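First up is the structure itself, then whatever we jot down about it.
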Amino acid sequence: MGTISPTRAPRGDTLLSPQAKVVLAGAGAILLWSGTPIANKIAVNHMDPMTAGVLRSMIAGIIGGCIAFFSRLERPKSNRLWFLLIASGIASFAAWPMLMSHGLGATTANHAAVIMAGLPVLTGLLGAAIERKRPRLGWWFGIAIASAGTILLILYRSDGGLVSEKGGLVGDLTILTGTLICALGYVAGARLSPIIGTWATTFWGLASALLVLIPAFIFLAPRTDWSSVGMAGWGAIAYMTILSSLVGYAAWFWALGHGGIARIGAFQLMQPVLTLAFAAWLLGEAITLPLALSAGAILTGTAITQHRASSIPRANHDLDRKA
């Protein structure tokens, strides 16, 4: 079977510009991920939180590894590229899902979505630091507006309190730690994807995470009474495995690799808004005026960021291939 690689549209194909495809891929990943906190919250109601995070990524890793192996996807050709692959895989597909699930066992889906809004800021800052590039002033201005909306979401939640919702700060700090680790994984994946391909980065990355996930699952599995896990719990795991992990990460790494870390990373500022909308639709949670104002600020900041962003140049891949 031939190697899978990111496809390029024929020159005569004018249906979508390259920029539109990047935006579509990034926005599609965010749309899928916006439902992840809700699915994860459903899953942790049926099984141990840490086990839920491990299980979703372990199944995705087995599927991704099979796809990578039988499709003969390109593998890294240097120690440096192997390091990027393993770092991306473990951070994005092992540490982040486990920490997010553990945190959601102690806090709400809406609050988790708010904290996750910091991902584009962390991703952009880490990417800029590693690449030794500084985004333009317009990017910072958009980030400031969107961050103000995020702060408003934290201060004015449904119960009017700062830390009075179930779980207090324990779950929040767990998810915050996970966002930092996830941002590192995004940067590593974005640097590797243009070299070995989007699908290779995603599927080999999923497989590499099994080094951590399989031992963790063996240790954590006894914590769950598997006979009591209902259809809703398994459905939530299926959503997170197929859509959040496999489809979502493939689209996201492709968008980051082709659109720039700073520019595309800012898309995640829209994720809490979408999560709140899904929570209102599926869980019946009210959208208050402070939430609406926060959503407006986040969307405005994202729009400014997208318009003014300076894509962070990718690394010298010719040197990477020779390394």
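Please treat every number below as a calculation from the coordinates, not as lab data. This is a predicted model, so every value here is computed, not measured. Cβ placement follows ideal geometry from the backbone for every residue including glycine, while neighbour counts extend to all protein chains displayed.
Length available on full extension from residue 211 to residue 280: 0.36 nm per residue minus the Cα-Cα distance, which gives 21.1 nm.
Show me 143-149, 106-112 ranked by packing, highest mean number of other Cβ atoms within 10 Å first.
Listed from highest to lowest mean packing, they are 106-112, 143-149.
If you plug the beta carbon distance of residue 66 and residue 300 into 1/(1 + (r/R0)^6) with R0 = 56 Å, you get a FRET efficiency near 0.85. By the count of neighbouring beta-carbon atoms within 10 Å, fewest first, 217, 253, 278 end up ordered 217, 278, 253. Could you state, as a whole-number percent, how many of the C-alpha pairs of region 174-244 are farther apart than 15 Å? So the portion of pairs separated by more than 15 Å is 72 percent.
Taking other C-beta atoms within 10 Å as the exposure proxy, 208, 78 rank 78, 208 from fewest upward.
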